[in-house]
Amino acid sequence: MAEKKVVVAGATGLVGNAALRHFGASARCEVIALSRRQPRELYGARHVPVDLTDAAQCGRIAPELQGATHLIYAALYEAPNLVDGWRDEQQIRTNDLMLRHLMAALEPVAPQLAHVALLQGTKAYGVHVRPLVVPAREGRSEMYQQPNFYWAQENFLRALQQGKRWHWSILRPVLIVGLAMGGAMDLIPPLGVYATVLREQGRALDYPGGAARVSQAVDVDLLARAIAWSGEAEAARNEAFNVTNGDVFTWENVWPAIADALEMKPGSAVPLSLAREYPKWIAPWEELRRRHDLVSPGLEAFVGLSFQYADYSMRHGQAESGPPSIVSTVKINQAGFTEMMDTEAMFQKWFRQARAQRLLP
């Protein structure tokens, strides 16, 4: 019999999918996957379709949440204009309401609720607004006055938890690398499509981004293990933690490893906006899907808003090296989570998995 009932909100997204994979591997867990559409792979979870922006829908699924012990809240609404949307009042309000609707449905039917894991990110330190204070630390956020849905959700959760037996943890990953479809911030599909187009033309893998910046990333499976740890560790109760692979990288330095995973030669620096170019690839992608019998869908369904995110992450249009984007992981290491991963190996892992799963040719 399952010892935990884990509810994963945002199950089709990058983090939600990894959480399904992690908790689904344990016989101790019953897993409920919440999302509007069914995930491509459930890993033993039971899918409950719901639109979290609709309070009535959330109320109707309450019986499915009966007895939940853990909530992993990885649901996210993004505006069509991704980067500008991060400061948009509607985006902030929508994300705030989604969490409120779900907690209103879940709390009354989950008297054994023990933990809520909430995902944030480096926008907590204003990385989308100005250079970070390096290293960015959890207890030194200068950006609480900056419009951001993180603060609306965090303030709500802090207030709701007062006097309750359950606890929360906030995870602040840096750039997350994994594999999902149709996401807003998943780099493997857009870069994989870009590489495929070049390879079909007999070209090397040119680097399309701007000038270098030292950054960090986190493997989504490592992040899922950090989420699981936060649900059990005494030191994680009502605390926020940065999560990274434990090393740093620049895109130019990992580019040869990415090319190798895609069986290509690394090319030259050829600046290109993937978000502007991709409409030219829609028809060729359909032909590639047919010819290689790919399981990935049409281009926009496969990549979602992530062409925009790829441009942002690789600093398209930036001619000068930027200040480093580095967070401290001292707090989570001292609290007991000490896993690390090589970032080059991480990129290779996910591009090779995308090809092995026939998402990319």
Selection within segment 332-361 - of a type outside the set (D, E, K, R) and open to solvent by 60 Å² or more (accessible area, probe 1.4 Å): Asn333, Gln334, Thr338, Met340, Gln353, Ala356, Gln357
Please work out which one of (1) in a loop (DSSP other than H, G, I, E, B); (2) modelled with pLDDT of 95 or more; (3) over 17 Å from Arg158 (Cα atoms) is the condition Leu113 fails and give its number. (3)
Pairing a residue in segment 16-31 that is of a type in the set (S, T, N, Q) with any residue that is in a loop (DSSP other than H, G, I, E, B) and open to solvent by less than 70 Å² (accessible area, probe 1.4 Å), where Cβ atoms lie under 7 Å and the two sit 6 or more apart in sequence or on different chains, gives Asn17/Ala11; Asn17/Pro39; Asn17/Ala180
Listed by range, strands (runs of 3 or more DSSP E) wholly within segment 164-247 having at least 1 residues that are aromatic (Phe, Trp, Tyr) are 167-173, 205-207, 239-243
I'd like to know if segment 135-154 contains one or more residues that are free of Cβ contacts under 8 Å to residues at least 24 places away in the same chain and not in a loop (DSSP other than H, G, I, E, B). yes
Pick from segment 87-110, criterion outside any helix (DSSP H, G or I) and open to solvent by 10 Å² or more (accessible area, probe 1.4 Å), ranking: modelled with the highest pLDDT: Asp88
For segment 195-202, state whether one or more residues are touching a Phe, Trp or Tyr at 6+ places or on another chain (Cβ under 7 Å) and not aromatic (Phe, Trp, Tyr). yes
Go through segment 237-286 residue by residue and tally those that are β-branched (Val, Ile, Thr), within 27 Å of Pro297 (Cβ to Cβ) and open to solvent by less than 50 Å² (accessible area, probe 1.4 Å). 1
Looking only at residues that are touching a Gly at 6+ places or on another chain (Cβ under 9 Å) and of a type in the set (D, E, K, R) in segment 191-212, which one is nearest to Gly267 (Cα to Cα)? Asp206
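The values are calculated or read from the model by the stated rules, or taken from the named source; none is laboratory data. Computed from a predicted structure; not experimentally measured. Cβ coordinates were reconstructed from backbone atoms using ideal geometry, including for glycine residues, and neighbour counts include every protein chain displayed. Surface areas here come from the heavy atoms of the whole protein model, side chains and all, with no ligands, DNA or RNA. Shrake-Rupley method; radii C 1.70, N 1.55, O 1.52, S 1.80 Å.
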